[in-house]
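The values are calculated or read from the model by the stated rules, or taken from the named source; none is laboratory data. From a predicted model like this one, the values you see are computed outputs, not experimental measurements. Using ideal geometry, Cβ is built from the backbone for each residue, glycine included, and neighbour counts are taken over all protein chains shown. With ligands, DNA and RNA removed, areas are computed over all heavy atoms of the protein, side chains included. Shrake-Rupley method; radii C 1.70, N 1.55, O 1.52, S 1.80 Å.
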Amino acid sequence: MLVLGLLVAGITLWAYSDDQDDSRTGGAAAVPCTEALAFGAAERPAHADARDCAVQRGIDTAYTAVLRMPRGEVADWLRGTYPDAPKPRSGGSCGALCLDVTSGNGLPGTAEAHVVQVRVEYENAETARVRFSAFTM
């Protein structure tokens, strides 16, 4: 009886251990920013500081990244990265700029994602914060 109890306790502890990869169990896991951007067929802009890059896997896969870059370079980066996408929107709840690109509406065939969303906020007269997310559906 004691052996059976220890076996059940051991299996229970193993099942709930923290040794699991968070990205596979619903939690976000840090990844290199090049990986996060590449999932959405993008590259880090030359003068951008990329940080807070993560992946979350479950039924779907979602990558996120935060870029800080010169304001004047954002529109050119978006145009160069997604040349067949609709024009970015601005104003309202969108902030400075918003871009939504889908596999049927401007997303390059090299993207593993089905959707890319970019949200841009101007931090000051020189710097923009770009929130990039790329995910499957």
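Give the range 113-137 a look and list any residue that's of a type in the set (S, T, N, Q) and touching a strand residue (DSSP E or B) at 6+ places or on another chain (Cβ under 8 Å), or say none.
As a first pass, look at the range 113-137 and keep what is of a type in the set (S, T, N, Q): 117, 124, 127, 133, 136.
Answer for the range 113-137, where residues must be of a type in the set (S, T, N, Q) and touching a strand residue (DSSP E or B) at 6+ places or on another chain (Cβ under 8 Å): Gln117, Thr127, Ser133, Thr136.
Residue by residue, here is whether (1) surrounded by fewer than 17 Cβ atoms within 10 Å (Cβ to Cβ); (2) farther than 22 Å from His47 by Cβ holds:
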| residue | (1), (2) |
| --- | --- |
| Gly58 | yes, yes |
| Ala62 | no, yes |
| Gly72 | yes, no |
| Ala75 | yes, no |
| Arg79 | yes, no |
| Lys87 | yes, yes |
| Ser90 | yes, no |
| Gly95 | yes, no |
| Thr102 | yes, yes |
Do any strands (runs of 3 or more DSSP E) entirely within the range 1-104 hold 2 or more residues that are at pLDDT 95 or above, of a type in the set (Val, Ile, Thr) and touching a Lys or Arg at 6+ places or on another chain (Cβ under 9 Å), and if so, which?
-> 61-70
Test for Pro108: is it assigned to a loop (DSSP other than H, G, I, E, B), open to solvent by 20 Å² or more (accessible area, probe 1.4 Å) and touching a strand residue (DSSP E or B) at 6+ places or on another chain (Cβ under 7 Å) | no
